[in-house]
Amino acid sequence: MSHADSPGGRSTVARLSDLVARAGVGAGITVLVSVLPVVGLIAPAVGAGVASWTDESAVARGPRIGAATGALVALLSLPLTLTFFAVWVAAAVSPAATVGVLALTLVGAAYVVGSGALGGYLADRIAADRAARADTDPETTASPVERLKHRYVEGEIGDAEFERRLDRLMATTNQGDRSEADTRSESVGSVSPARER
């Protein structure tokens, strides 16, 4: 299978560049959210969640986008935390301090990547749940008469209100059917003389 024959008809390079672009969006949002008090602790999850939520890919890839977002944030923040300077100072103190600083840096990077992956996963789950609910929700899939019957059965409206609304719906439906039939007959009537010529 060549690169162009990959799923979705897109090349591996195009899919990878799209993933990196999504991760860049997530990293930008993470940086913006990280300055907020308290919420800044979950900034990688928020940034990755937003990047995953806005992804228009047909395949759910939230955890991958989240992990890429976290990795990008961790890579970008290494110089900002002055890790190398801290390791140099710790090395002057003792080798154990050097190992401690490196371990803290790795734990922090793992937290950022894991938090991003979790945020992407949760965004995918929420989107899938909303789509499933929209498919099964009687309010969105039912006809107006079925919705009215549902409200009546649930006790939201009384007998008189149900009858009045049902009569109005039936009248509206009958008018719509008549106007559609009139439109069809007019279009058939306008086509017939053209055929006679």
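The values are calculated or read from the model by the stated rules, or taken from the named source; none is laboratory data. None of these values were measured; they are calculated from a predicted model. Glycine gets a Cβ as well: all are built from the backbone with ideal geometry, and neighbour counts include every protein chain shown. Surface accessibility is based on the protein's heavy atoms, side chains included, excluding ligands, DNA and RNA. Shrake-Rupley method; radii C 1.70, N 1.55, O 1.52, S 1.80 Å.
Sorting the segments 95-102, 120-127, 22-29 by their mean number of nearby beta carbons within 10 angstrom, highest to lowest, gives 22-29, 120-127, 95-102.
With all protein chains in place and ligands, DNA and RNA left out, the 1.4 Å accessible area ranks LEU78, LEU148, LEU19 as LEU78, LEU19, LEU148, largest first. Which residues does a label at LEU32 reach in region 101-116, if reach means a backbone N under 20 Å from a point 7 Å past the Cα toward the Cβ? Answer for this model: 116.
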